[in-house]
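Data block below; observations after.
The values are calculated or read from the model by the stated rules, or taken from the named source; none is laboratory data. No experiment lies behind these values; they were computed from the predicted model shown. Cβ placement follows ideal geometry from the backbone for every residue including glycine, while neighbour counts extend to all protein chains displayed.
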Amino acid sequence: MAELPKTYDPAAVEPKWYARWLEAGAFEADASSSKTPFSIVIPPPNITGTLTLGHVLNNTIQDILARRARMQGREVLWLPGMDHAGIGTQTAVEKWLRKNEGVTRHDLGRDEFLRRVLQWQDKHGGIIIEQLKRLGCSCDWSRQRYTFDADYIRAVQNVFVDLYDKGLIYRGRRMINWDPAAQTALSDEEVISKPQQGNLYYVRYEIVEAPGKFLEVATTRPETIMADTAVAVHPTDKRYVDLIGKHAWRPLVREKLPIVADDAIDPEFGTGVLKVTPAHDKADFEIGQRHKLPIVDVLHPDGRINCPAVPELDGLDRFEARKKAAELLKGRGLLLKTEPYENNIGFSDRSEAAIEPRISEQWFLRYPKTKEALAVVRAHLIRFFPAHWEKVYAQWLENIQDWCISRQVWWGHRIPAWYPKSRSVEAGVSSAKQKNAADTAATTEEKSIRVQIESPDEGWTQDPDTLDTWFSSWLWAYETMDEEARKKFYPTSVLVTAPDIIFFWVARMIIAGLEFKPGQSDRVEDNIPFHDVFFTGLIRDKQGRKMSKSLGNSPDPLDLIDKYGADGLRFGLMRIAPSGQDIRFDEKQIEEGRNFATKLWNAARFRQMHGPSAAAPKINNRSLAIFASEVLARLNETIDAIEVAYCEYRFNEVAQRLYDFFWRDYCDWFVEAAKTEIFGEDEPRKKSALAVMDVVLSAVLRLLHPFMPHITEELWLLLGFGEQSIQFALPPEKIALEDVDLAKKRKLVTAVYDTVQAGRNLRAEAKIPSNKKERFVLCTANAEIAKEVPTISRLLNAGQLDIATHIRHTADTPMAMTPLGEIFLIVTAGDKTAERERLEKEMAKLEEELRTVKGKLENKSFVDRAPAAVVEEHRQRQKDFSEQLAKLKAARDGLN
RNA sequence: GGGCGGUUAGCUCAGUGGUAGAGCGGCUGGUUUACACCCAGUAGGUCGGGGGUUCGAAACCCUCACCGCCCACCA
C-alpha cells in the first residue's frame, strides 16, 4: 500500500488522471453496447471562446450526470463539439486582422477572408476544448463535432432545401433588424432592448391647406424627417379631426405629406401627432402599409445618412445627424422645444450597436411544428427543470414570428440558392428608394431562384448570404451523431443549458426534432431531442451584476483551477448553485471547495495510517459500536436524500448533503469517537471501527466522484478500494442495519453527543483552555453509559470522567443539563455568583421553551387536531424540560 | 403594459405546515499524534410590510413595497 503524501496536490494529481482516463478510452461511447444508454450533447461553445464560469457551471453539471450514469452501469455518450458562430467569429477574426495585418475583410475579398478564418481557427480556435479537459470533463472526444464539418454543412443545406421545398422558407422584402456595425440582418431574438437617454424633439409641420398654421410633432429621431411620408393622428382626436385628409409640409426636403388617421396613434403621447417614417420604424411601416404610403430610405447600410438633398446631413452618422438635424430645424424656427426623454432602443446582442429597423430582402422561415413543440412540453414528454421555464417557452411559441435566417456575413453556411447571372443580386441590402409598401409583401420573382445545393450550371450565381448560426445549431442534437449512434443515443437524456438561450436553441431544437424526425420511428417520443432540460442559473458577481468582459468582473476559471484545483472549483461552485436561480459568485466559496478536498484527503490519510483497507469492506452488525451504527444510519439517510435530489437536478443539495455528512457526521463525530477503538488495545473492536471507516470512505468516494473526479480516483486506488478505476464502480448501496435496537442506540448516541457539547460549553464558559485536561462528573441513571466513558471522555478531552448518581452541586462545579442527566465540570477556582448567573440564564432559556410547549398542550384544538405523533413529541418535550428545570432549580438553590 | 423570479443572521444562501439552519465573516480558547485549507465554544434573526386560511405559517392564499430578469411597435 502506497503511503499517502502529507498534502494533497491537485496540480499533480488532476492532469495525471485525466491523461490516464483518455488513454484508457474511458469516456468513449460504444454504440453497439447492450447497456442502457445515457446521452448528452454539449451546448457547443463558440470556436473563438474561452472558458468562463458559466461554462464551468454548465459543464460540471453535465460531467456529474455523465459520470454518475457511467457508475450506474449505463452506456454514456457525452458528445462534445463547437459552434462556428458566424457573426461572432467573423468579428473576432476581422479584429485580429485589423490589429495584426492592418487589413479589412473587404481588402482581402471573400475567398481570401474565408481562408484566413480557417487559418485563424487552426491557430487560435478551440482553446476552450483544452480548458474543458482541465476541468475534468468526460466527453467522448473521439466524436467531437463542429457545426462547420463538411457533412454538417451539407446537412444544414439539405434542411434549407427541404424547408424551401415545403414552402416554409421564403424570400421576402420586409422590415428587419439591421445591425449597422456588423452590416447584417438579425433575428428578433438577437436584439436586446435597453433604456436609452435621449431627447424628444417637438417639430412644427406647416399645414399646406392653411399656411401659417402648424402641426406639432414629437419625435426622437429628427434625422429621419426626410423619410417621412405622412403625418398621422388618432381618428377620434378632436384636436385634429378637421385636418385628416389635408396635408402638411415636410420640414426637411419640403414635400407635401398626407395627414392620415390611424388607430395606432396614442393621443396621450407627445402632441398626439406622429410623423410616419415607414422605412425606419416597424410601427410606421405598418401604418404605411395600411395607408399605402411610399417608402423613403435615407440611411446607408453602415448607419450614415443617405440624403444628398440635405447636404448638411448627407453622409453623417445617424447620431451626429440627429444633433445636426435639430440644429437645422432650430435655425429655421421649426424646432419648438427639446425635452430629455428615455426610451427603449434595440441593440445588437453581438456588436452592441444600436439596431436600425430597415426594409430589406431576406430569407425567412415560417416555423413548422409550433403547436407540437408546445404540446410535448405541456404534456411533459420533455420536462423542464425548473418547471417555470415552461411558461416562458410557451409565451414565445404562442407569439412566434417568422425567423429571419439570412445574414450578410461571409463566415457561415452559404445559402443554397442560385440566381441567373444576368440578374443583379441584392445581397439582402435594400436600396429601395420610393417603392410602394404594398409591393413589399410580394417576394422576388420565384421563377428566377433555384434552391439546391449544387450550382445549376455556369449561368447561375449563388446567393452571397449565409445562414444564422442558430440555423445550424438547431440540428445539433442529432446531426452530431452518425446513424449507429443516433439509433442508440437519440433522443438524448438531458440537455443542460442556460435559460438565456431557451428561444435561440432549446425551442428551435425541439422544433427541428419534431419536423425532421431523426428518431427510430415517426412517434413524437422518438423524435424529441431530449427528455429533460435542466436550466442552470446565471453567474453574477458579488454585487449581483452579470459577468462581463467589459466590467472585468469575470474571474478566469483557469486561475481558479490553478489556485484551488479543478475538483475544488467544481465542488465549490456546485454547492452554491441553487437550481434555476442566479448565483452570486464569491471566490470564498471555491476556497471552501478546495478545503473540502483537503479534508477528504486528510480523512483518508488518517484511515490509511492504521493499516490497509479492505477492497470490499464489510461490517458485522453485531459488533458495531453505537457510534458506528449512528454514522452508518446517517450514511444511509444521505444516500436516500442524494437519490431524491438527483431526480430533481438539485445538485447543490447533493453537494451540501455530502459535505455535511462527511465533515460533520463522519469526521467531527464518528472518527473522533472511534479513536477510542483505533488507539485501543481491543483488536476486534479496532478492526470493526476500521471496517466502518472503510465502508464510509468507500461510499463517500463513490458518491463524490461525479463532483470531484480526480481526488476520488486518486484516493480510491491509494486506499485500495479497487484495482479498477472508480469511474465504473457501482454506486454504494445502503448498509443493512437490521439491528432491532437501532432506534434506541441512535437515541443514546444523540444523548452522548449532546452531553459532550454541554460539557465543552462548561469548559469554555469556565474559561478553561480546550487543551487542558479537566475532570468531569456525569450524573446519570442510564446504565448503558458506563461502556462509553472512554469515548465521552475523549470527546470532552477530559482528564477524568466519573459516573455518579448524586453529586452535591457547589460553586466549584459548573453544571449543565443533558439528555443523560447532569454534567459537572470539576474545577478548583469557582465563583458562586457567576455560577448562579449561568444557571439562571440556562433556566430562563428552558422556561421560555417550556412555556411554548405548555401553551400548545393547553390548547385543546392542538391536542385534538394535530397528529398524534406531534402531540406525543410535545408531551415528551414538556416532561424533559420540566425535569431539567427542576434539577437546575435545585442546583441553584443548593448554591446558597 | 403583460409574465416570471427574489426579499430568512453582517455576507452568500438552505429550509413547502409542527422547538428558525449552514458556510463565510466576528468574538473566545486551542501547535489534543489526519487536517491551522484545522479543532472546540460563542454572539448574531419580530424569516420585506399588512391581511387571511389553520390548533399551528418563513412555508399556503390575498395585497402592498422594493430588487432582478424576460416579453411587448407608444413616436
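Things worth noting here:
- The single condition among (1) over 34 Å from the mean Cα position of the chain (by Cα); (2) more than 12 Å from RNA strand B (Cβ to nearest atom); (3) buried (at least 20 other Cβ atoms within 10 Å of the Cβ) that residue A:693 does not satisfy is (2).
- Test: residue A:818 is more than 29 Å from residue A:620 (Cα to Cα), of a type in the set (Ser, Thr, Tyr) and more than 16 Å from RNA strand B (Cβ to nearest atom): no
- Look at (1) over 27 Å from residue A:195 (Cβ atoms); (2) away from RNA strand B (no atom under 16 Å from the Cβ); (3) touching a residue at least 24 places away in the same chain (Cβ under 8 Å) and you find that residue A:291 fails only one, number (2).
- Here the helices (runs of 4 or more DSSP H) wholly within the stretch A:705-811 that include at least 2 residues being under 22 Å from residue A:625 (Cα atoms) and under 41 Å from the mean Cα position of the chain (by Cα) are A:742-765.
- Considering the conditions (1) more than 28 Å from residue A:569 (Cα to Cα); (2) modelled with pLDDT of 95 or more, residue A:76 is excluded by exactly one of them, (1).
- Among (1) over 30 Å from residue A:134 (Cβ atoms); (2) in contact with a strand residue (DSSP E or B) (Cβ under 7 Å, 6 or more places away or on another chain); (3) aromatic (Phe, Trp, Tyr), the one test that residue A:670 misses: (2)
One line per residue, one yes/no per condition, for (1) surrounded by fewer than 21 Cβ atoms within 10 Å (Cβ to Cβ); (2) touching a Lys or Arg at 6+ places or on another chain (Cβ under 9 Å); (3) closer than 30 Å to residue A:724 by Cβ:
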site: A:42; (1), (2), (3): no, no, yes
site: A:51; (1), (2), (3): no, yes, no
site: A:62; (1), (2), (3): no, no, yes
site: A:69; (1), (2), (3): no, no, yes
site: A:75; (1), (2), (3): yes, yes, yes
site: A:80; (1), (2), (3): no, yes, yes
site: A:83; (1), (2), (3): no, no, no
site: A:94; (1), (2), (3): no, yes, no
site: A:98; (1), (2), (3): yes, no, no
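Residues checked against (1) farther than 20 Å from residue A:675 by Cβ; (2) surrounded by fewer than 12 Cβ atoms within 10 Å (Cβ to Cβ); (3) among the small types (Gly, Ala, Ser); (4) within 16 Å of RNA strand B (Cβ to nearest atom):
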| residue | (1), (2), (3), (4) |
| --- | --- |
| A:760 | no, no, no, yes |
| A:771 | no, yes, no, yes |
| A:777 | yes, no, no, no |
| A:782 | yes, no, no, no |
| A:786 | no, yes, yes, no |
| A:805 | yes, yes, no, no |
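- Every test in (1) acidic (Asp, Glu); (2) in contact with a helix residue (DSSP H, G or I) (Cβ under 9 Å, 6 or more places away or on another chain); (3) within 23 Å of residue A:384 (Cα to Cα); (4) within 16 Å of RNA strand B (Cβ to nearest atom) is passed by residue A:500 save one, and that test is (2).
- Restricting attention to the stretch A:279-288, the residues that are near RNA strand B (Cβ under 7 Å from one of its atoms) and of a type in the set (Gly, Ala, Ser) add up to 1.
Yes or no, residue by residue, for (1) closer than 30 Å to residue A:517 by Cβ; (2) among the acidic types (Asp, Glu); (3) surrounded by fewer than 18 Cβ atoms within 10 Å (Cβ to Cβ); (4) in contact with a Lys or Arg (Cβ under 8 Å, 6 or more places away or on another chain):
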| residue | (1), (2), (3), (4) |
| --- | --- |
| A:105 | no, no, no, no |
| A:112 | no, yes, yes, no |
| A:120 | no, no, no, no |
| A:125 | no, no, no, no |
| A:153 | yes, no, no, no |
| A:158 | yes, no, yes, no |
| A:162 | yes, yes, yes, no |
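- Checking each residue in the stretch A:281-296 for being under 13 Å from residue A:232 (Cβ atoms) and either among the basic types (Lys, Arg) or touching an Asp or Glu at 6+ places or on another chain (Cβ under 6 Å) (or both) picks out A:287, A:290.
- Condition check for residue A:569: within 34 Å of the chain's Cα centre (by Cα), surrounded by 22 or more Cβ atoms within 10 Å (Cβ to Cβ) and at pLDDT 90 or above: yes
- Evaluation of residue A:653 against the conditions (1) assigned to a helix (DSSP H, G or I); (2) over 18 Å from residue A:749 (Cβ atoms); (3) more than 7 Å from RNA strand B (Cβ to nearest atom) shows that the sole unmet condition is (3).
- Top-ranked residue in the stretch A:261-278 [being within 20 Å of residue A:298 (Cβ to Cβ) and either in contact with a Cys (Cβ under 6 Å, 6 or more places away or on another chain) or of a type in the set (A, V, I, L, M) (or both); ranked as nearest to RNA strand B (Cβ to nearest atom)]: A:274
- Scanning the stretch A:577-593 for residues that are modelled with pLDDT of 80 or more, in a loop (DSSP other than H, G, I, E, B) and near RNA strand B (Cβ under 6 Å from one of its atoms) returns a single hit, A:586.
- Looking across the stretch A:668-690, the residues that are under 20 Å from residue A:721 (Cβ atoms), surrounded by fewer than 22 Cβ atoms within 10 Å (Cβ to Cβ) and either among the β-branched types (Val, Ile, Thr) or under 44 Å from the mean Cα position of the chain (by Cα) (or both) come down to A:671, A:678, A:690.
- Exclusive hit being touching a residue at least 12 places away in the same chain (Cβ under 8 Å), within 9 Å of RNA strand B (Cβ to nearest atom), within 30 Å of residue A:493 (Cβ to Cβ) and not in a strand (DSSP E or B), set A:662, A:596: A:596
- Unique match (being assigned to a helix (DSSP H, G or I), modelled with pLDDT under 85, surrounded by 14 or more Cβ atoms within 10 Å (Cβ to Cβ) and within 12 Å of RNA strand B (Cβ to nearest atom)) among A:838, A:892: A:838
- Qualifying residue in the stretch A:220-242 (condition: modelled with pLDDT under 90, of a type in the set (A, V, I, L, M) and within 35 Å of the chain's Cα centre (by Cα)): no
- Residue within the stretch A:364-378 that is of a type in the set (A, V, I, L, M, F, W, C) and assigned to a loop (DSSP other than H, G, I, E, B) present: no
- The set of residues in the stretch A:124-176 being in a strand (DSSP E or B) and not hydrophobic (A, V, I, L, M, F, W, C) consists of A:145, A:146, A:170, A:171, A:172, A:173, A:174.
- Residue list for the stretch A:376-408, filter: more than 15 Å from RNA strand B (Cβ to nearest atom), out of contact with any strand residue (DSSP E or B) (no Cβ under 9 Å at 6 or more places or on another chain) and touching a residue at least 40 places away in the same chain (Cβ under 8 Å): A:376
- Enumerated strands (runs of 3 or more DSSP E) restricted to the stretch A:177-295, each holding at least 3 residues that are within 30 Å of residue A:501 (Cα to Cα): A:184-186, A:191-206
- Among the residues examined, residue A:321 qualifies as among the aliphatic types (A, V, I, L, M) and more than 13 Å from RNA strand B (Cβ to nearest atom).
- Residue satisfying all of: in the stretch A:216-238; more than 21 Å from residue A:299 (Cβ to Cβ) and away from RNA strand B (no atom under 12 Å from the Cβ); surrounded by the fewest Cβ atoms within 10 Å (Cβ to Cβ) among these: A:238
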